[in-house]
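Novice: Mind looking over this structure? Questions follow.
Quick note: the coordinates plus some simple rules give every number you see, no bench work behind them. Quick caveat, the model's predicted, so the values are computed rather than measured. When we count neighbours, we look across all protein chains shown, and the Cβ atoms used for this are built from the backbone with ideal geometry, even at glycine.
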Amino acid sequence: MISNDPIWILDSDVSCIALYHQTIGLQYPLKVFATFEEFATAYRDAEPGHPRLLIVEPEENRAAIANFFSAFLNPQTASHFPQTLVVSRLDEIDMMRFYLRVGVRDYILKPLRPNELVAKIERALLQINNRSILIFRNELDGQQVANLTFRENQILTVLLNKPSRACPRDTLLEAVWNKTLVNRKTLDVHVFNLRRKLRPMGYDILCKEQQLILTKLNPSTTSN
């Protein structure tokens, strides 16, 4: 067993709850909530860092859960939020984009397939067990960097934690996405958006010999 901490599940689908108990419930303790209100109350009363893994079915409480998950966008709370898997019958691209953008580990379509469910939960728990926790930083030489997304804040934090503010691309990919395989262009998109927010403050992110470097601009180039 990778963790003795319960996996929290917010899902009112009786057949899916039975599947959770028949698969992952054989190896991991489960804590199941049928309503968003029950889950929200338990989460508010939980110890910091718990739960470590959360499985959510957003269909019946879509608006409430979407608002709750917007906490991912707040750098002050995102690093304390549990790793999350969203399971849903809704094959909607905008919904998938929202949850993946705010940092959800994976989006799994129903009907659930037992082997896929077990594999993705094991991968998420292994990544939780192996990862080093980042304390998010959004202050750059005394200036607050506002309106950062979850991924942008991760990238900025990694760069600020490096003595030279330089980091190889592959190292940055692993630090932000752990062992998850992502297209290298995904990093480029997040870096591009982060650069647009840093340049008005007099900073830029340069790429030299496969290294990303956080650097200060000359005053004459800030407005370009």
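Novice: Work out how much length Ser164 to Lys120 would gain on full extension: take 0.36 nm times their residue separation and subtract the Cα-Cα distance, in nm to one decimal. Don't skip to the answer; put the middle values down first.
Specialist: Details: separation 44, 0.36 × 44 = 15.84 nm, distance 3.59 nm.
Full-extension gain reported as 12.3 nm.
Novice: Additional query: Give the relative contact order (percent, whole number) for the chain; include only Cα pairs under 8 Å separated by 6+ residues. If you can, show how the numbers build up before the last one.
Specialist: Working: 283 pairs, mean separation 32.8, N = 224.
Contact order relative to length: 15 percent.
Novice: Here is a further query. What label, among (i) 14.6; (ii) 12.9; (iii) 13.5, belongs to mean projected area of the Cα convex hull in nm² computed from the structure on display?
Specialist: Computed from these coordinates, mean projected area of the Cα convex hull in nm² corresponds to label (iii).
Novice: Return the distance in nm (one decimal) between the two label points of a simple spin-label model at Met96 and Arg137, each offset 7 Å from Cα along Cα→Cβ.
Specialist: About 3.6 nm separates the two model spin labels.
Novice: A further question follows. Set the Förster distance to 22 Å, then compute FRET efficiency between Leu109 and Thr23 from the Cβ-Cβ distance, nearest 0.05.
Specialist: Numbers: r = 16 Å, r/R0 = 0.75.
That pair, Leu109 with Thr23, gives E of 0.85.
Novice: In addition: Looking at the chain, send over the antiparallel percent of its DSSP beta bridges, to the nearest 5.
Specialist: Just about 40 percent of them are antiparallel.
Novice: Now a separate question. In nm, give the distance between the simple-model label positions of Gln144 and Gln210, each being 7 Å from the Cα along the Cα-to-Cβ direction.
Specialist: Distance between the two pseudo-spin positions: 3.9 nm.
Novice: What number, in nm² with one decimal, is the all-direction average of the projected area of the convex hull of the alpha-carbon atoms of the stretch 7-130?
Specialist: Working: hull surface 29.0 nm².
For the stretch 7-130, the mean projected area of the Cα convex hull comes to 7.3 nm².
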